[in-house]
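This report concerns only the one structure given below.
Each value in this text was obtained by applying a stated rule to the coordinates, not by laboratory testing. Predicted model only: the values in this text are computed from it and were never measured. With ideal geometry, Cβ positions are generated from the backbone for all residues, glycine too; neighbour counts draw on all protein chains shown.
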C-alpha cells in the first residue's frame, strides 16, 4: 500500500520484523488437547478487530519448556494468520494466564519504534483497503505466513506521541461503534422477547387463551405457487428474480438481484404483500420467510422459493411472516425437511398441514405486527447510525494513517 508517507514530514517506513518479534503459536494436536498441564489458549475465533472474545477458550497442554515461549504478556499484538487474515487485537491481561494457537501471530515490540495500538489500527486499514493481498500465500487455504508478515511495511510517524494520538482518535470511534453494536444486539433480544410474549407458541389449544385458535395452515393459506425455473443472469434485460439471499429478517434485501430473460407468466409476477418462503437450502436457511412490498417494479421469484397465498379475510400476511419466523416455529418447520444431496427441502403441502396459533380478531394480528415493526424500526435507526460511524472511521483511517491529515488538524472534531 503506497500512501506517500515517505514524502510526509516526520514519517518513516519500518517493516514489521524490524519493530516486532513475530511468533506463531503452538500447533493444536489431539495429544496436546488431552495432555497434562492444560492451559487456556486463544484461537483464531477469539481474536476480533480491536477486541478479544474469551467466552469459549479452548484448553491445550503446554510443557514447562513451552510456557515462556507461548505465554501472552500485556501489550502483545495478536494477528490472525488465516480466516479473516490480518484481524488484530491486543492482549491486556484479561485473564491471569493464557497462551495462543498456531493460527495466530504474536507481535511483541522490540523497542519503541512502533506503538502497538498504532499498528492495530494500521492493520485494519491495510485489510480494509485490500493492501494485504500481496503478502498472503495461497495453498489449500489462504494464510499469512510469518515470512511474509515480517516484510510488511508500516508507514508511521516517527514520533511515538503522534502515533499514540492517532490510535487514541481511532479508539474513540471504536468505543462509540462498540456501544452501538451492543445496543443493536440488545434491541434484537428485546424484539425477540416481545415476539415470544405476543405470539404464544404451543400445540395445546387450552394454553392459548381467549381470542386464539389453533388451525391447520391450509385453512388460511389455501394454496402455494412455485417460482420460475429459468437461467438467471447477473445483468442485462429481463425480469428481476428474487432468490434465497434476498430474504432476510422477514424483509426483502435488494442486493445481488439477478434477472431472467425468459418470459414470466403473469400469475408469477409478485404482488404487494406476497409472502415468500424458502423451501430448499441448508437446514440453517430453509424456512426463511419474507414479505414483498413492491420494492421494485415487476419482479418474480425463483423456483426454490414458494409464494404462500393468504386468505386475507382471516389472516394478515404480515402476521403470517412473523409467526413463521418465530424460532419455535422454525424448529417445527425444519422437522418437515427431507434430505437431498447437498440440501434439504420442505414440501409446501406438508408445510400447510402445520397448525397455526392464530388470533381470531384480525385487529390483534395487525397490532402484533405493528408492535414488532416498531421494535425493528429502533434497530434500523441504530444500524444507520452504526453505518455512519463506520464510514467516518474509514475516512479517518484513510487520513490519519497515511499522513494526509495530521492529528492536530482533526483532534477537535471528535
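Helix 362-400 and the longest principal axis of the Cα set of the chain meet at an angle near 20°. Structural descriptor for the chain: relative contact order 16 percent, calculated from alpha carbon pairs under 8 angstrom and at least 6 residues apart. Please list log₁₀ I(q)/I(0) at q = 0.21 Å⁻¹ for region 5-157, using the Debye equation with identical point scatterers on the alpha-carbon positions. Debye intensities relative to I(0), on a log10 scale: -1.39. For the pair region 356-371 and region 198-254, the centres of their Cα atoms are 16 angstrom apart.
Under a point spin-label approximation (7 Å from Cα along Cα-to-Cβ), what is the residue 193-residue 12 distance to one decimal in nm? So the label points at residue 193 and residue 12 sit 5.4 nm apart. Calculate the tail of P(r) for the chain: the fraction of all Cα-Cα distances greater than 39 Å, expressed in %. I get 41 percent for the Cα pairs in the chain exceeding 39 Å.
In terms of other Cβ atoms within 10 Å, 80, 98 run from fewest to most in the order 98, 80.
If contacts are Cα pairs under 8 angstrom and at least 6 residues apart, what is the relative contact order of region 212-360 in percent? Please report the intermediate quantities before stating the final value.
Numbers: 309 pairs, mean separation 50.6, N = 149.
Relative contact order for region 212-360 comes out at 34 percent.
Its relative contact order, with pairs defined as Cα atoms under 8 Å and 6+ residues apart, puts region 5-157 at 34 percent. Taking a ≥ b ≥ c as the square roots of the Cα gyration tensor eigenvalues, region 216-270 comes out oblate, since a/c reaches at least 1.5 and a/b does not exceed b/c.
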